[in-house]
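A quick write-up on the structure given underneath.
What follows is calculated from the coordinates using simple rules that are stated; it is not laboratory data. No experiment lies behind these values; they were computed from the predicted model shown. For neighbour counting, all protein chains shown are included, and Cβ atoms are generated from backbone atoms with ideal geometry for every residue, glycine included.
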Amino acid sequence: MKRLLGAMSGLALAMTPTVALAEGAGGGYKGIASIYFTFITVILIYGVYDAFGKKVMYVAAPLIAIGMYLLLPKT
């Protein structure tokens, strides 16, 4: 059991940079920018849903998502 726990914790520590979307040294801001843009997109889509209802949200959500993707910084 101790070996399994040790192996799992070692694997978790080894995979942490991959899970965190970490880039190598000298990397840009694409990882954190994509997280911020995702939160902003969710808030905007919820705002459309709250203000205009479900039908308009189904039309606006893809447009907002595509627009936010195009606004991401290119590296």
K74 and L4 label points (each 7 Å along its Cα→Cβ direction) are spaced in nm at 5.0
Obtain the nm distance between the two label points defined at Y46 and V59 by a simple spin-label model: each point lies 7 Å from its Cα along the Cα-to-C-beta direction. 2.4
